[in-house]
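Read-outs throughout are calculated quantities, based only on the coordinates presented, and are distinct from any laboratory measurement. Please read these numbers as outputs of a predicted model, since none were measured by experiment. Counting neighbours? That spans all protein chains shown, and the Cβs are built from the backbone with ideal geometry, glycine included.
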Amino acid sequence: NVLILDFGSQYTQLIARRVRELNIYCEIHPYHHIPENLEPFKAVILSGSPFSVRAEDAPHPDLSQLRGHKPMLAVCYGAQYLAHFNGGSVEPSNIREYGRAKLSMIKSGEVFFNGIPENTQVWMSHSDTIAQLPKNGVRLASTADVLNAAYRIDGEETYAIQFHPEVYHSTHGKQLLENFLVTIAGVQQTWTPTAFVDTTVAVLQEQLGNDKVVLGLSGGVDSTVAAILLNKAIGNNLYCIFVNNGLLRKNEFESVLHQYKDMGLNVKGVDASERFLEALKNESDPERKRKAIGKAFIEVFDDEAHQVKDVDWLAQGTIYPDVIESVSVNGPSVTIKSHHNVGGLPDFMKLKIVEPLRMLFKDEVRRVGKEMGIDPELLGRHPFPGPGLAIRILGDITAEKVRILQEVDAIFINGLKKWNLYDKVWQAGAILLPVNSVGVMGDERTYEKVVALRAVESTDGMTADWVNLPYEFLQEVSNHIINRVKGVNRVVYDISSKPPATIEWE
Ligand code: XMP
């Protein structure tokens with residue numbers, strides 16, 4: 001187990017993911033909430049930060065329980081922090097050191113640089129520079145612009161680097177992390193999907209005993225993997241509920257429900273399409289549509305959860321990025337999620353919560369799913385928003401509009417699969433616009449709907465770019481849609497990036 005102390009860098013989660021890729025478990029904790037029990041941690045990594053160590057309000061935690069006691073790797077801000085407060089000096093650099101640089105080793109035979117060639121490319125991102133090393137500091141490497149690019153502290157297992165080993169542009173970054181964690185700190189590489197499944201199943205059995213658990217399945221990766229893990233642990237004491245809100249993709253409810261049953265899940269499919277349509281009637285404002293859908297879902301789920309007798313737990317597919325306590329750049333703050341009006345909550349929300357994936361990143365959820373034999377097609381599905389097609393039908397929603405959009409979307413998605421483009425795209429879908437346009441079919445004038453196609457590449461949905469789909473593909477899909485889907489006479493392709501646009505149109 002490795003402790004990553006977060007000073008607010010945009011790269012902190014990336015450090016954690018690289019460490020996990022080495023099959024080493026790690027946890028991110030904010031610098032102002034260092035865990036009291038340090039026993040489980042075999043090594044510590046200090047992250048970068050948007051702060052300057054010279055600033056008044058810069059993070060300044062007490063590391064006396066860690067430094068010299070545990071092997072420590074200080075990255076960027078961490079490296080400057082160790083220098084600044086221990087007899088070295090940090091100064092503003094004349095040139096902003098940002099981007100690629102070549103690392104030149106000064107000391108040979110350092111275990112820290114095992115297997116890393118001279119002049120390896122590293123990624124810099126900082127505006128201060130370490131002018132003088134801290135007490136007992138030994139310079140290990142420099143770049144053309146940065147004298148103290150890497151150092152260690154004599155007599156301690158403390159290493160510090162000015163560059164970012166966690167970003168891919170640092171070519172041997174992962175090797176460096178491995179040298180530090182495995183060779184120097186002696187951390188075991190035992191964090192594998194198999195080990196995770198075995199341990200988690202045992203922990204869930206211990207925690208849940210004979211208790212009953214309800215879980216809402218969405219058809220997505222997280223809830224599915226959570227369900228399979230729980231099913232392994234407690235079998236049919238897991239009651240899954242899969243709600244059809246009528247806003248899913250064409251045939252999705254039936255096909256995913258079948259898949260779930262084939263996986264041996266104890267799942268009840270609830271078709272509440274009518275109820276959701278009713279709740280959305282005459283609603284055209286995006287946020288109000290979301291609220292109406294959220295409310296209807298809670299009502300339906302609550303009704304269903306009540307049908308399970310003596311249920312104690314609600315399982316959720318929460319993953320690690322949702323639970324990491326964030327370090328705010330505008331002064332340390334703690335994100336607290338709380339339910340204020342406990343009395344007004346639906347009954348199922350008063351249940352105890354079990355979240356088997358809360359320590360996993362998304363890529364790890366997929367690896368665990370694969371390990372448990374879940375269909376790769378299901379694991380590779382594009383993200384799909386909770387409110388479904390409701391936020392892709394601009395304006396008010398009717399059963400007819402849902403039908404039209406389902407047909408268009410199915411042609412687009414099946415086309416992507418047929419052309420082997422589906423896995424190259426992060427998310428794709430069709431949008432039904434609230435305008436009619438004039439067309440001509442045969443000798444007839446038409447006045448019908450316009451649909452937009454959207455396909456984006458992204459890593460986390462925070463930023464995205466439109467995908468350069470082949471013209472031949474767009475041509476085939478467009479023809480197909482206009483010829484087959486009654487009510488549509490025009491297809492356009494969305495070429496906006498996020499920002500400034502968003503992925504969904506509403
Ligand atoms: P935007 O449109 O904000 O979307 O660029 C980013 C990602 O979030 C999804 N999304 C939602 N997911 N409920 C959800 O569960 C929502 O209300 C919602 N709105 C957007 C969107 O599909 C994309 O993956």
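Annotation: extensible slack from residue 382 through residue 135 equals 83.7 nm (criterion: 0.36 nm per residue apart, minus Cα-Cα distance).
Over the chain, DSSP H runs of length four or greater, each weighted -39,500 (n - 2.57), average out per residue to a 222 nm ellipticity of -9000 deg cm²/dmol. Per residue, the average separation of C-alpha pairs within less than 8 Å and at least 6 apart gives the chain a relative contact order of 11 percent. Put a plus charge on the Cβ of each Lys and Arg, a minus charge on the Cβ of each Asp and Glu, and nothing anywhere else: the dipole of segment 394-493 about its Cα centre is then about 200 debye. When the Cα positions of 49, 257, 125 are compared along the charge dipole of the chain, 125 comes out farthest toward the positive end, with charges on each C-beta of Lys, Arg, Asp and Glu.
A crude spin-label estimate for the pair residue 345 and residue 424, with each label 7 Å from Cα along the Cβ direction, gives 4.7 nm. Compactness of segment 2-184 is given as radius of gyration and Dmax, 14.7, 42 Å, from Cα positions. Between residue 274 and residue 174, the distance separating the two model label sites (each 7 Å from Cα on the Cα→Cβ line) works out to 5.4 nm. Here the gap between residue 399 and residue 468, fully extended at 0.36 nm per residue and compared with their Cα-Cα distance, gives a gain of 21.6 nm. Model label sites at residue 69 and residue 188, defined 7 Å from Cα along the beta-carbon direction, differ in position by 2.2 nm. Under 1.5 on a/c is rounded, so check that first for the chain, then, if it is not, pick prolate when a/b is larger than b/c and oblate when it is not; a ≥ b ≥ c are the square roots of the alpha carbon gyration tensor eigenvalues. Prolate, because a/c is 1.5 or more and a/b exceeds b/c. Panel order for 278, 283, by other beta carbons found within 10 Å of each beta carbon, from fewest to most: 278, 283.
Using the Cβ-Cβ distance between residue 291 and residue 108 with R0 set to 51 Å, the FRET efficiency works out to roughly 0.20. Overall, the anisotropy analysis places segment 81-170 in the oblate class: the square-rooted eigenvalues a ≥ b ≥ c of its C-alpha gyration tensor yield a/c not less than 1.5, with a/b not exceeding b/c. Highest-first packing order for the peptide set 295-308, 167-180 is 167-180, 295-308, based on the mean count of other beta carbon atoms within 10 Å. Here's the picture: a label point sits 7 Å out from the Cα of residue 145 along the beta-carbon direction, and within segment 93-107 the residues with their amide nitrogen under 12 Å of it are 93-102. Given +1 at the Cβ of Lys and Arg, -1 at the Cβ of Asp and Glu and no other charges, the dipole of the chain around its Cα centre is 560 debye to the nearest 20. Compared with the direct C-alpha span, the chain from residue 323 to residue 309 gains 2.0 nm at full extension, assuming 0.36 nm per residue. Phi angles of segment 491-506 translate, via the Karplus equation with coefficients 6.51, -1.76, 1.60 and θ = phi - 60°, into HN-Hα couplings of 10, 10, 10, 7, 10, 10, 9, 10, x, x, 7, 10, 5, 7, 7, 10 Hz per residue; Gly and Pro are given as x. If R0 equals 56 Å, the separation of the Cβ atoms of residue 441 and residue 375 corresponds to a calculated FRET efficiency of about 0.90.
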